[in-house]
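The block underneath contains the structure these notes are about, expressed in structure tokens.
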Amino acid sequence: MNAMSQPHETAQRIRRNWMAVNDEVRHAADAAGRDPGSVRVIGVSKYVDAATTEMLFDAGCSDLGESRPQVLWQKAAAIAPAVSADPQRNLRWHMIGHVQTNKLRRMLRFDPLIHSVDSERLLRAIDQEASRQQRVAEVLLEVNISGDESKTGLSPEAVGQLLKIPGLTAVRVVGLMAMAGWGTESAEAAGQFRSVAELRDRLVESGGYELPELSMGMSGDFREAIAAGATMVRIGSALFEGVI
């Protein structure tokens, strides 16, 4: 964080950033002929500490994303009093980074939506731990739509196979997550996002799955993602501009 920032000034700047991002999301949804209420902004708070994350919640962000499980549960505990003090709002945590199976026990207690399931092993581990905790874990399957071998995620073919795994009782796949390839231009990113939406539609039509969520798009390409049908956009740097 900028060492010159005072807490009040930082909170005000985050509030302004939050309002500006939401305005841009609304404009992008309107331009795509979509209901702005159909798109949720996931505030990616991995860049900042718990106090600054709480400022983002106070500004109005009710969906917070972290890339490391241990940071998620530490922040969740740290800002729990602020969340409890506002009974009119619910906070949903989102796990957007790689998940190690040995971190599941503590992380699942906070009921995060896990965006990054990319293997049968992880899907089964989540199911087993959620069953032990007598809860249902919601997850997204991560798709490597760009084919970039340096990126994580499942091939489109593997996504369909993972949805067919039998015997899962405590995990629910609610959609797909994808990122555009590194360094892609706007038009190329838009095409990749459309491919993810088309994959989801094919899976729903052919297999009867319920996959309402599409987590696509970040600060630099969320407009293209919304045009393609994203229901969640993961915004980090734009929310903390002038703060970090």
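A few remarks follow.
- Taking each residue of the range 19-46 that is over 26 Å from Ser67 (Cα atoms) and looking for partners that are among the small types (Gly, Ala, Ser) and surrounded by fewer than 17 Cβ atoms within 10 Å (Cβ to Cβ) with beta-carbon atoms closer than 8 Å, six or more apart or interchain, yields Ala29/Ser38.
- In the range 79-99, of all residues being surrounded by fewer than 14 Cβ atoms within 10 Å (Cβ to Cβ) and more than 26 Å from Gly217 (Cβ to Cβ), the one that is nearest to the chain's Cα centre (by Cα) corresponds to Ala80.
- Qualifying residue in the range 203-220 (condition: touching a Phe, Trp or Tyr at 6+ places or on another chain (Cβ under 9 Å), assigned to a helix (DSSP H, G or I) and either of a type outside the set (D, E, K, R) or closer than 14 Å to Met177 by Cα (or both)): yes
- Scoring Glu138 on the criteria (1) without any contact (Cβ under 8 Å) to a residue 24 or more places away in the chain; (2) within 18 Å of Gly65 (Cα to Cα) leaves a single failure, condition (1).
So that you can scan it fast, the table gives a plain yes or no per residue for (1) in a helix (DSSP H, G or I); (2) open to solvent by less than 40 Å² (accessible area, probe 1.4 Å):
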{"position": "Ala77", "(1), (2)": "yes, no"}
{"position": "Arg105", "(1), (2)": "yes, no"}
{"position": "Asp111", "(1), (2)": "no, no"}
{"position": "His115", "(1), (2)": "no, yes"}
{"position": "Leu122", "(1), (2)": "yes, yes"}
{"position": "Val139", "(1), (2)": "no, yes"}
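- Selection of the range 47-72 for residues being under 24 Å from Glu9 (Cβ atoms), free of Cβ contacts under 8 Å to residues at least 60 places away in the same chain and buried (at least 18 other Cβ atoms within 10 Å of the Cβ) yields Thr53, Glu54, Met55, Phe57, Ala59, Leu64.
To keep it simple, each residue is scored yes or no on (1) over 20 Å from Pro212 (Cα atoms); (2) in contact with a Leu (Cβ under 9 Å, 6 or more places away or on another chain).
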site: Pro7; (1), (2): yes, no
site: Thr10; (1), (2): yes, no
site: Arg26; (1), (2): no, no
site: Pro36; (1), (2): no, no
site: Val41; (1), (2): no, yes
site: Val44; (1), (2): yes, yes
site: Glu54; (1), (2): yes, no
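- Of all residues making up the range 141-171, the number that are under 20 Å from the mean Cα position of the chain (by Cα), closer than 19 Å to Ala189 by Cα and either in a helix (DSSP H, G or I) or of a type in the set (Asp, Glu) (or both): 2
- Single residue of Ala187, Ala180, Ala227 found to be open to solvent by 50 Å² or more (accessible area, probe 1.4 Å), outside any strand (DSSP E or B) and at pLDDT below 95: Ala187
- Filtered by the rule that a residue be surrounded by 13 or more Cβ atoms within 10 Å (Cβ to Cβ) and farther than 24 Å from Val21 by Cβ, the range 203-220 gives Leu203, Val204, Tyr209, Leu211.
- Considering only residues in the range 202-223 that are among the acidic types (Asp, Glu) and within 16 Å of Val143 (Cβ to Cβ), the one that is modelled with the highest pLDDT turns out to be Glu213.
- For the range 85-100, a residue qualifies if it is farther than 15 Å from Ala50 by Cβ and not in a loop (DSSP other than H, G, I, E, B), and the qualifying residues are Arg92, His94, Met95.
The values are calculated or read from the model by the stated rules, or taken from the named source; none is laboratory data. What you see is a predicted model; the values in this text were computed from it and never measured. Virtual Cβ from ideal backbone geometry, glycine too; neighbours counted across all protein chains shown. What goes into the accessible areas is simple: the full protein's heavy atoms, side chains included, and nothing from ligands, DNA or RNA. Shrake-Rupley method; radii C 1.70, N 1.55, O 1.52, S 1.80 Å.
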